[in-house]
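Chemist: The structure follows.
The values are calculated or read from the model by the stated rules, or taken from the named source; none is laboratory data. Since the model is a prediction, treat every value here as computed from it, not as a measurement. Cβ atoms come from the backbone with ideal geometry, glycine included; neighbour counts cover every protein chain shown. Just so you know, the surface numbers come from the protein's heavy atoms only, side chains and all, with ligands and any DNA or RNA stripped out. Shrake-Rupley method; radii C 1.70, N 1.55, O 1.52, S 1.80 Å.
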Amino acid sequence: SLAEDAVRTARRPSFSPDARAVVFERQSAGLPPALWLFDLATRSARVLARTDDGETDPAWSANGREVYYVSGRGDRRALHAVQVATGLTRSVLPLATSEHDVLRPRLSPDGARLAYTRSQEGQLEVWVRTMRDGTTARVARLGDGVAFPIWSPDGQALAVDVW
């Protein structure tokens, strides 16, 4: 079935806050990755967002109404949001800069801060950006690198991969 096939090819799954749905990347042969939504109650899957540039790194908003994701290539890479109910999308924040790329961005549960990975002097580091004013701060740098931050449910801490 479509649902079983969708689950077998899922990457980077993210559960909705109410645990009723999972959003994930799915890539078909010869096409860029798209975002799919799997409803756990009905066991049905549908495309949530698909463009020629591809969609990656899905993460739910705290209220479960939107899914944030990365789309675009090169200097067009940006964080976007798609409304789960309507499929309407909006651009949230450009991610490519002349200095570095923002990798695996994750909004805090309250939407006020963005945690992300970037490479600085050959080291992977975790940074946080305040959405209101754009200020940034490095919050983690260790040995060979830290990367891929995930917020705690209360937004008070970050979990990271450490090498």
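Chemist: If you take the alpha carbon radius of gyration of the chain and divide it by 2.2 N^0.38 Å, what ratio comes out, to two decimals? Don't skip to the answer; put the middle values down first.
Modeler: On the way: Rg = 15.9 Å, N = 163, 2.2 N^0.38 = 15.2 Å.
That works out to 1.04 for the chain.
Chemist: Something else about it: Grab the Cα-Cα distance for ASP39 and PHE15, subtract it from 0.36 nm times how many residues apart they are, and report the gain in nm with one decimal.
Modeler: On the way: separation 24, 0.36 × 24 = 8.64 nm, distance 1.02 nm.
Value of the extension gain: 7.6 nm.
Chemist: If you don't mind, another one. Please give the per residue accessible area of region 19-163, computed with a probe of 1.4 Å over protein heavy atoms only, in Å².
Modeler: Values: 7760 Å² over 145 residues.
Heavy-atom SASA per residue in region 19-163 reads 54 Å².
Chemist: On to the next question. Say R0 is 25 Å: what FRET efficiency, to the nearest 0.05, do VAL47 and ASP161 get from their beta-carbon distance? Before the final figure, lay out the partial values.
Modeler: Values: r = 29 Å, r/R0 = 1.17.
Efficiency, from the Cβ-Cβ distance: 0.30.
Chemist: Return the sequence-ordered ³J(HN,Hα) values of region 87-95 in whole Hz as given by the Karplus equation 6.51 cos²θ - 1.76 cosθ + 1.60 applied to θ = phi - 60°, using x for Gly and Pro.
Modeler: x, 5, 10, 9, 7, 9, 6, x, 10
Chemist: May I pose another question? Build a GNM of the chain with springs between Cα atoms under 10 Å: which of ALA62, ALA85, ALA49 gets the top mean-square fluctuation?
Modeler: Sorting by GNM fluctuation, first place goes to ALA85.
Chemist: Say R0 is 25 Å: what FRET efficiency, to the nearest 0.05, do LEU103 and ALA29 get from their beta-carbon distance?
Modeler: On the way: r = 25 Å, r/R0 = 1.02.
It comes out at approximately 0.45.
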